[in-house]
Amino acid sequence: MVCSLPKNQYLRAHIIRTMTELDAIKARHSVRKYMDKPIEADKVEVIRATIEDVNARNGLNIQLVLDEPKAFASGMWKYGQFSGVRNYFVMAGPKGKDAEEKIGYYGEKLVLLAQTLGLNTCWVGLTYKKIPGTFTLRDTDTVHCVIALGYGTIPGVQHPRKPAENFYEAEGIPPRWFLDGMEAALLAPTAINQQKFRFILREGNKVETKTLFSMAGYTNIDLGIAKYHFEVAVGKENFSWL
């Protein structure tokens, strides 16, 4: 049987049928130790095609770096030590709050895609080095963070979860769809697990979001990640952002 889809679209469609994005949200955990195993060419093709589409539509400059061991080679970092990282996303784009939220939103789209492809990931804000020559920036770009990528030695573990009601505001008891969205949002990775965001349910299935102060920063990126999770669980057609 001949498939009419291009190879990368066919591969992605096949994998998404076996693991949805919502499945990936539940299965994904941050992984810091990786095996010395290259990412297969067909998976790289799918990832690169997605990056190209995301960049073209959103003005970002996300790049995939493969087989580069130096960015995570330093032993000086005490928090979240990494080993075996040779592949990573460089999350580059314009400066500013809106761009930071896009970096989180579309970066998590890539993270969940990687999970459906059988790969592991970890968002990384500080504990890496920028290696000259491995990526290129436009005049208006900055590197907001990177995302480690590869085959983890273990699938990672779930952090203890706080009650969902700590993270939303609503009049009365929220509908099931909103609570489902919040459950997914609380599975979103955030810097040092800070979860400095709030979701506010307004009339007419409208949802407002805000960030809270954090000494660690990265709150806009964290919010973008959480909003992507919320959308996956609820469906973009079932509500609107304010």
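Miscellaneous remarks
- Summed over the range 96-125, residues that are crowded, with 21+ Cβ neighbours inside 10 Å, under 13 Å from HIS229 (Cα atoms) and among the hydrophobic types (A, V, I, L, M, F, W, C) total 3.
- Lone unmet requirement of (1) within 25 Å of GLU45 (Cα to Cα); (2) surrounded by 14 or more Cβ atoms within 10 Å (Cβ to Cβ); (3) in contact (Cβ under 8 Å) with a residue 60 or more places away in the chain for VAL143: (3)
- CYS122 meets the conditions (1) in a loop (DSSP other than H, G, I, E, B); (2) touching a Ser or Thr at 6+ places or on another chain (Cβ under 8 Å) in every case but one. The failed one is (1).
- Residue within the range 62-74 that is modelled with pLDDT under 70, in a loop (DSSP other than H, G, I, E, B) and either surrounded by fewer than 17 Cβ atoms within 10 Å (Cβ to Cβ) or not basic (Lys, Arg) (or both) present: yes
- Unmet requirement for LYS102, which otherwise passes all of (1) in contact with a His (Cβ under 9 Å, 6 or more places away or on another chain); (2) under 19 Å from LYS196 (Cβ atoms): (1)
- Residue in the range 133-140 that is crowded, with 16+ Cβ neighbours inside 10 Å and in contact with a helix residue (DSSP H, G or I) (Cβ under 6 Å, 6 or more places away or on another chain) present: no
- Taken as a whole, the range 6-18 holds at least one residue that is farther than 26 Å from GLY84 by Cβ, of a type in the set (A, V, I, L, M, F, W, C) and at pLDDT below 70.
- Considering the conditions (1) surrounded by 22 or more Cβ atoms within 10 Å (Cβ to Cβ); (2) under 17 Å from ILE25 (Cβ atoms), ARG161 is excluded by exactly one of them, (1).
- Qualifying residue in the range 75-95 (condition: modelled with pLDDT under 95, of a type in the set (D, E, K, R) and in a loop (DSSP other than H, G, I, E, B)): yes
The values are calculated or read from the model by the stated rules, or taken from the named source; none is laboratory data. Only a predicted model underlies this, so the values are computations on that prediction, with no experimental measurement involved. Glycine also receives a Cβ, built like all others from the backbone with ideal geometry; neighbour counts cover every protein chain displayed.
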